[in-house]
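The values are calculated or read from the model by the stated rules, or taken from the named source; none is laboratory data. The model shown is predicted, which means the values in this text are computed figures rather than measured ones. We place every Cβ from the backbone using ideal geometry, glycine too, and count neighbours over all the protein chains shown.
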Amino acid sequence: MPRRLPARSKTSSERVTLTKANYQRFIESRNRDVRQAAFIAMHSAYRKQRNTIAATYSSSVKADVFMARTRHYESALDAALKPKNIPESVYDALVESVNDHLPLLHRYIALRKRVLGLEQLGVYDLHVPIVPEVEEEYSYDAALDTVLYRRSGRSATTMAGPRFWGWIHVGPTSTRTKASVAEPIRSGSTVSTPTSC
């Protein structure tokens, strides 16, 4: 899991902890340096484990092949699909459909690159909204208010029934519900950004 590194806040030069919970805020920043730094910080721990991850994946593939041969399947793919009664043609059609529609993905990437005004598009540039109006933040209380009272003009809890209604009124004030991000046990990382968001 990612580890903790120094980071700067979105609005000031103070250092903040980058966690899985707040990563989205940084990766959607309008400031490319912040996005890049957040991406690198979050994924640097995985990069350090790349040999372990590759070895684990390799072992998993070998185990799948071994089990398929042991059970007399034609392939590991056949072993994965046959018990679920899925013909290989369904898998092949899915792969073919994805490949046939790759030009649409390439058009979208080119559009994103043009709208963001970038010469080169990085992985960290794929999450920033290309339409500024979509940037919205909600406090815990505002989100709770929306769920409880504003959904379709009726309370979402009324639509869910009395059992849920009873829990939701106890839930937000319960000691089991936290309105803030708890200290991560093993997740989280922090990032140094050269400028604010």
Checklist outcome for this item: Here the residues within the stretch 77-106 that are hydrophobic (A, V, I, L, M, F, W, C) and within 29 Å of residue 123 (Cβ to Cβ) are 77, 80, 93, 94, 95, 98, 102, 104, 105
Item to check | Flag for residue 89 being surrounded by fewer than 11 Cβ atoms within 10 Å (Cβ to Cβ) and under 24 Å from residue 18 (Cα atoms) | outcome: no
Item to check | Options 98, 123, 115, 128; residue that is aliphatic (A, V, I, L, M) and over 26 Å from residue 36 (Cβ atoms) | outcome: 98
Item to check | Residue check for residue 141: touching a residue at least 60 places away in the same chain (Cβ under 8 Å), under 30 Å from residue 17 (Cα atoms) and charged (D, E, K, R) | outcome: no
Checklist entry - Pairs under 9 Å by beta carbon, first residue over 15 Å from residue 43 (Cα atoms) in the stretch 117-131, partner at pLDDT below 95 and among the hydroxyl-bearing types (Ser, Thr, Tyr), six or more apart or different chains? => result 128/29
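Quick grid of which residues meet (1) modelled with pLDDT of 95 or more; (2) surrounded by 16 or more Cβ atoms within 10 Å (Cβ to Cβ); (3) more than 19 Å from the chain's Cα centre (by Cα); (4) among the basic types (Lys, Arg):
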residue: 5; (1), (2), (3), (4): no, yes, yes, no
residue: 8; (1), (2), (3), (4): no, yes, yes, yes
residue: 17; (1), (2), (3), (4): no, yes, no, no
residue: 24; (1), (2), (3), (4): no, no, no, no
residue: 41; (1), (2), (3), (4): no, yes, no, no
residue: 55; (1), (2), (3), (4): yes, no, yes, no
residue: 68; (1), (2), (3), (4): yes, yes, yes, no
residue: 77; (1), (2), (3), (4): yes, no, yes, no
Checklist outcome for this item: The lone condition residue 108 fails out of (1) among the hydroxyl-bearing types (Ser, Thr, Tyr); (2) surrounded by 13 or more Cβ atoms within 10 Å (Cβ to Cβ); (3) over 19 Å from the mean Cα position of the chain (by Cα); (4) modelled with pLDDT of 85 or more is (2)
